[in-house]
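> Got a structure here, written out as structure tokens. Questions coming.
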Amino acid sequence: MNFIKAFYRLFIFSSLFLCFALLFSCYKQEKTLAIITVLDNNTNDPIADANVRLFYDPSNGSNIPLIDVQKKTGDNGSASFDFSDRYQDGQAGFAVLDIEIDSVFMGVINIVEMSTTEKNIFIP
């Protein structure tokens, strides 16, 4: 009889421990960020107040881009874009976006989900 009581107590305590462990080990989504730094090609100095545009233009003939965001660079030459609200759990990859600096195409950036993707752009 004492063996059964001890077994029940052990079962209850281990069940409670397991429930608390699962409750406090919840999955937390990280931020999906893209940081573009605009630098002078000759001096490597940051360029402030450059207009940075990240966009994805679909090739299906639509004139409306799916993603189109713009920001000005700060004193350090960087513009930070937060795409956390556009990322959905379970999504494989996020986006490959075109980069324009002051309305001039400067390349692409592959934004990785739940991490910070940085790219340096050199302007002549």
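Each reported figure results from applying straightforward, stated rules to the coordinates on display, with no laboratory input. None of these values were measured; they are calculated from a predicted model. Note that each Cβ is placed from the backbone with ideal geometry, even for glycine, and that neighbours are counted across all protein chains shown.
> Order of Arg53, Arg9, Arg86 from fewest to most other C-beta atoms within 10 Å?
Arg9, Arg86, Arg53
> 5 Å is the cut-off here: which amide hydrogens, built 1.01 Å from N in the peptide plane, fall below it relative to Met106, excluding neighbours closer than 5 in sequence?
Ile99, Glu100, Ile101
> Below 18 Å, Cα to Cα, which aspartates and glutamates can Lys119 reach? Residues fewer than 8 away in the same chain don't count.
Filter leaves Asp40, Asp45, Asp49, Asp68, Asp75, Asp82, Asp98, Glu100, Asp102.
> Please list, ordered by chain and number, the residues whose modelled amide H lies under 5 Å from the amide H of Val112; skip anything fewer than 5 residues away on the same chain.
Those qualifying (amide H under 5 Å, at least 5 residues apart or on another chain) are Thr117.
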